[in-house]
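The values are calculated or read from the model by the stated rules, or taken from the named source; none is laboratory data. Note that the structure is a prediction, hence the values are computed from the model and not measured. Here Cβ is always computed from backbone atoms with ideal geometry, including for glycine, and neighbour counts include all displayed protein chains.
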Amino acid sequence: MKVRGTKLTSDEFHNKVIAVKHAPEIEYDWATGVAISKFLKGLKDGKIIGVYCDSCDRTVTPPRMFCEECFSPMSKYVDLPDTGIINTFSIAYIKTDASRVEKPQLPAVIDIDGTSISPSGFLHLLDEINPDDIKIGMKVKAVWKDAIDRTGAITDIKYFKKMEDA
Amino acid sequence: MEKVAIIGVGVEGFRSAIRELSYKEMVYQAAVKAYDDAQINPREEVDTFISCEEDFNMGTSITDEYAPDQLGAAQRTVHTITGDGIQGMAAAYMQIKTGMFDVAVVEAQSRVSDILTHNQITNFAFDPLYNRQFDAVYHSTAALEKRAYLEYSGTSEEAIAEVAAKNYNNALKNPIAAYGVRAKASDIMNTDMIASPLRDGEISKPVDGAVVIVMASEKVVKEKNGNPIYINGISYATNSPNFDTRDWQYAKYAKLTADRVYKMAGINDPKEEIDVFEIDDTYAFKELQHLESLGVYDKGEAGKAMLNGDLGSKGSTPVNVSGGVLGVGNAHDVNGLQRIAELVDQLRGHAGRRQISDANTGMAFSWRGVPTTAGALAILSKE
Amino acid sequence: MTKKVGMVSVGLTQFQRRAKETGKELAYYSAKMALDEAGITRKDVDGVIIGSAPDAFDGVHQKHEYLTDGSGGFNLPTMRGYVGGGTGVFSPIQGWYSIASGVNDVVLVTTEEKMSSVQPSSQAAFLTIFDNMIERPLGPNLVWIFALEMRRYMEKHGIPKEHIASVSVKNKGNAIDHPSAMLGKKWTLDEVLNSELLADPVRLLDISPVADGAVSFVMMSEEKIKEFGISKDDVAWVDGVGWNVDTTMWTNRDLYYPKYVEKAAKQAYNMAGMKDHSPEALRKWLTFAEPYDPFNYKELHHLEGLQLFGKGKAPKAAFEGVTARDGDFPVTPSGGLLGVGNPIAAAAGMKSAELYLQLTGKAGKRQIDGRDMERGVAQAWGDLMQVGTVLVMKGGRIE
């Protein structure tokens, strides 16, 4: 079986073949809607917001306006503690642009306390911890930006750190 | 032959901007209405879901990731079509016709208000190597086509202005339309020239909105005993992505699509056999060009029919009683389902002040807009 | 009623890090090869399916319209379905439903990806797959989510890294015999285990390389296969299909097990009339499998989702050689994404093509020997750890 295709080396690709460069200037302004607006407002106020589904009898976060399980609308928003446990994590030396970093980023899925399914939480970062000490199931707590610096964004939580008394 | 029917329709919008709901929440609202109309539970009674969307319109790569939940489709059979809603319906139609699926849901959404740089996105659809560099407003491409069509068909500017005026007026009677207004052809002729020979009043304006359609096999239709509208023929076609090889004068994609759909639906003379027409009018001239390319009128005759009053809601060939894309608003890949929603209302006799008497069959045609040459056509009937 | 659908040819390009050809040209190479192999021309085709993953890679909005001519779709009905990384197995499924419905008779399917167009790295495009409101501000990248899923899977079952690394050794080795392969090579287990740490527990040789490439298929109804006089030996029949997408809320799911793959697989097995979903019965019923392997652990994860091994049982089996090309149950004889390369939609297209080539005895040096090639399964995965697409085909000689 003969297959076709012409390989270029990195040098040929970047310097030898004629290429057309185009960097589009594309911008969006996404309306965050009912549920995520509440979540982001909660973060601005230093709180993690969840939502309760009557028919499934469960509390989840991040909140949504409808339940993906039973398809009923949901409107019972609840305040959750800013603590949780590590569901899974990584020690990442590679960044979004594929460049490498010396000090690793520590992404983790945090299972937020007070929710009623496991996992129910969101993606965030860990810090103030030796990477070698991180374990699945470890109790963690949010470290917030100062109130004056919070804008209603996921980054209003700077990171999660290990709970000392745990 | 097992038939396929539409058993539910849900519409959210259309408005120039729906800022109080996120895109997911907007689709959820449309879905809830469609499932209520069809009297089905999406978590138990739907076999397959299809979402029509494009990455750059949503601002998300692999945007189908975000499709399932708001349709009740989590952990279900679901896929995306990067095309117009009627093409999504064609995919659902084929799935039902395999005999492996009985109930299908098709969704399309438009969130133009989430996009700050719409011209840049449309420009990003042009060939990257030798078309994109001109950075012209994309309406220029439609202007090239309009001029070619005017020359080829001998259609007058007056007829095109009359099309726009008709559709804006029709939209006043349509509760889902965003751009209804009392207008005369002279008002259209007095709007700004955007790209000669195209005037501002001939160009549809963007809207946010979503449509969800529920389709079913005959078996389910009988069980539900609802208010089915049957799909007698449905298909789609593409002419050419290149400016160098496409047909500019007439809409070849419409002709190619019509050839297939008329054969499926057993249509010999669309003008005589079809009662209601919902035909893409993203630009006013497109309504006439499409009518001719679809074989409803001969070359150059659609404009004359417009001037005779035949295309009005009281005419012999009512076209875009909904207000069309000009009147309802340009919802991009939802435009086809806008057309379908109107036909379902008309054929069910639920169109209120827009109702066409004795409406038994209807035709919906969509075009994906500049710079594409992709169209999709469906023929619906009460039987 | 459901019409019988057969795949009668495949076409592939070379997979490579940087192709000189444009995406359209790659699509043309594979589409033309598939037409030639089937002995038909574009005039015989009445429908075209295009599969391609994010528009951001090729750098073109409405990419399917752009790819129309290269894929043979000029003046034809063309349709592009899209389920992220699951697309390359889903595109032939679309070919199936457009023929099984009776709407089309001869369909040309092309899967294409040109990832080198986006600069400086395709990883930048992957940022935009994350939630626009609450994830992108954290600066995530694709390797993160694989690392998160891999750790969860390893933790749940106590899987040693050696077992997972053995999949890289096997697949990159198998790829030596694949004409499209960019990375076929015999690596040692130690080399994989000690390759550069990217996002613990993921290392460089755990990952498949980004690539440019295209793969095409010609599919036909049974009547047309007879009409064209195509030999049964050159046909692989579609036996079962399934696809499933889980909730977007991936941080509300336990990632250790792909339930959506299970559901898609059972849908496909049921359609093929296979009601016994126990691993033993399925491994007997199927001759081999081509599960999606963008990362080594994913092959194992997917073998479990496909019900071919019990939960947590696949890694040890792979380590012990059960899934080698000459093992009891060959898995990824093609060399997979790990070895042949990963031009997203085309990569899973290559897996679908491997089903055809093995079942018709055309896999050359990769041909699984010593057994009747009855039936195989290809599977792909995509989105936010969310999509399962499953295609079961059987050899044309099997009645």
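General remarks:
- If you go through segment B:344-359 and keep only what is closer than 19 Å to B:L294 by Cβ and either in contact with an Asp or Glu (Cβ under 6 Å, 6 or more places away or on another chain) or not assigned by TED's automatic domain parsing to the domain that holds B:I274 (or both), you end up with just B:A359.
- Residues satisfying the stated conditions in segment C:1-20, i.e. at the interface with another protein chain (Cβ under 7 Å from one of its Cβ atoms), under 11 Å from C:A181 (Cα atoms) and outside any strand (DSSP E or B): C:Q14
- Condition broken by B:G99, with the remaining ones in (1) in a helix (DSSP H, G or I); (2) more than 21 Å from the chain's Cα centre (by Cα); (3) surrounded by fewer than 23 Cβ atoms within 10 Å (Cβ to Cβ); (4) more than 10 Å from chain A (Cβ to nearest Cβ) satisfied: (1)
- The single residue among B:Y179, B:Y168 that is among the aromatic types (F, W, Y) and either assigned to a loop (DSSP other than H, G, I, E, B) or surrounded by fewer than 21 Cβ atoms within 10 Å (Cβ to Cβ) (or both) turns out to be B:Y179.
- Total residues in segment A:26-59, condition crowded, with 19+ Cβ neighbours inside 10 Å and on the phi > 0 side of the Ramachandran plot: 1
- Condition met for B:A237 (buried (at least 20 other Cβ atoms within 10 Å of the Cβ), farther than 20 Å from B:S381 by Cβ and in contact with a Gly (Cβ under 8 Å, 6 or more places away or on another chain)): yes
- Segment C:171-190: number of residues that are over 17 Å from the mean Cα position of the chain (by Cα), more than 14 Å from chain A (Cβ to nearest Cβ), in a helix (DSSP H, G or I) and buried (at least 17 other Cβ atoms within 10 Å of the Cβ): 1
- Taking first residues from segment C:140-162 that are within 9 Å of chain A (Cβ to nearest Cβ) and farther than 10 Å from C:Y256 by Cβ and partners that are of a type in the set (G, A, S) and surrounded by fewer than 20 Cβ atoms within 10 Å (Cβ to Cβ), the Cβ contacts under 8 Å between residues at least 6 apart in sequence or on separate chains come to C:N141/A:A98.
- C:E37 being crowded, with 22+ Cβ neighbours inside 10 Å, at pLDDT 95 or above and among the charged types (D, E, K, R): no
- Top-ranked residue in segment B:114-137 [being under 20 Å from the mean Cα position of the chain (by Cα) and buried (at least 19 other Cβ atoms within 10 Å of the Cβ); ranked as nearest to the other protein chains (Cβ to nearest Cβ)]: B:A125
- Within segment C:97-135, the set of residues being modelled with pLDDT of 95 or more, at the interface with chain B (Cβ under 8 Å from one of its Cβ atoms) and under 22 Å from the mean Cα position of the chain (by Cα) comprises C:Y97, C:S98, C:A100.
- Leading residue by the ranking (surrounded by the fewest Cβ atoms within 10 Å (Cβ to Cβ)) among those in segment C:262-281 that are hydrophobic (A, V, I, L, M, F, W, C) and in contact with a Phe, Trp or Tyr (Cβ under 7 Å, 6 or more places away or on another chain): C:M274
- When C:T87 is tested against (1) over 27 Å from C:V245 (Cβ atoms); (2) more than 14 Å from chain A (Cβ to nearest Cβ); (3) part of a helix (DSSP H, G or I); (4) touching a residue at least 40 places away in the same chain (Cβ under 8 Å), only condition (1) is not met.
- Of the candidates A:V143, A:V109, the single residue that is on the phi < 0 side of the Ramachandran plot and in contact with a helix residue (DSSP H, G or I) (Cβ under 6 Å, 6 or more places away or on another chain) is A:V109.
- Members of segment A:1-13 that are surrounded by 16 or more Cβ atoms within 10 Å (Cβ to Cβ) and either touching a Leu at 6+ places or on another chain (Cβ under 9 Å) or within 11 Å of chain B (Cβ to nearest Cβ) (or both): A:V3, A:R4, A:G5
- Filtered residue count, segment B:88-131, keeping only those that are within 18 Å of C:T78 (Cβ to Cβ) and polar (S, T, N, Q): 1
- Filter result for B:Q87 (touching a Cys at 6+ places or on another chain (Cβ under 9 Å), away from chain A (no Cβ under 13 Å) and either under 20 Å from B:S217 (Cα atoms) or among the polar types (S, T, N, Q) (or both)): yes
- B:S110 being among the small types (G, A, S), more than 7 Å from every other protein chain (Cβ to nearest Cβ) and surrounded by fewer than 24 Cβ atoms within 10 Å (Cβ to Cβ): no
- For segment A:69-84, filtering for residues that are more than 18 Å from A:K38 (Cα to Cα) and in contact with a helix residue (DSSP H, G or I) (Cβ under 6 Å, 6 or more places away or on another chain) leaves 1.
Here is a yes/no grid of residues against (1) touching a residue at least 60 places away in the same chain (Cβ under 8 Å); (2) touching a Lys or Arg at 6+ places or on another chain (Cβ under 6 Å):
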position: B:I231; (1), (2): yes, no
position: B:T238; (1), (2): yes, no
position: B:T245; (1), (2): no, no
position: B:V261; (1), (2): yes, no
position: B:A265; (1), (2): yes, no
position: B:V276; (1), (2): yes, no
position: B:E292; (1), (2): yes, yes
position: B:G295; (1), (2): no, no
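- Scanning segment A:82-100 for residues that are within 8 Å of chain C (Cβ to nearest Cβ) and among the hydrophobic types (A, V, I, L, M, F, W, C) returns A:F89, A:I91, A:A92, A:I94, A:A98.
- Selected residue (only one of B:G336, B:G375, B:G362 is buried (at least 21 other Cβ atoms within 10 Å of the Cβ) and not in a strand (DSSP E or B)): B:G336
- Within segment C:53-84, considering residues that are outside any helix (DSSP H, G or I) and at positive phi, the one farthest from the other protein chains (Cβ to nearest Cβ): C:G72
- Helices (runs of 4 or more DSSP H) enclosed by segment C:206-305 - at least 2 residues per element that are away from every other protein chain (no Cβ under 14 Å): C:222-227, C:279-285, C:296-305
A quick yes/no check of all residues on (1) small (G, A, S); (2) more than 14 Å from chain B (Cβ to nearest Cβ); (3) over 27 Å from the mean Cα position of the chain (by Cα):
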position	(1), (2), (3)
A:N15	no, yes, yes
A:V20	no, no, yes
A:E27	no, no, no
A:W30	no, no, no
A:I36	no, no, no
A:C56	no, no, no
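- C:V45 being surrounded by fewer than 24 Cβ atoms within 10 Å (Cβ to Cβ), closer than 30 Å to C:K226 by Cβ, within 11 Å of chain B (Cβ to nearest Cβ) and modelled with pLDDT of 95 or more: no
- Exclusive hit being in contact with a Ser or Thr (Cβ under 6 Å, 6 or more places away or on another chain) and either surrounded by fewer than 18 Cβ atoms within 10 Å (Cβ to Cβ) or free of Cβ contacts under 8 Å to residues at least 40 places away in the same chain (or both), set A:D132, A:D149, A:D127, A:D113: A:D113
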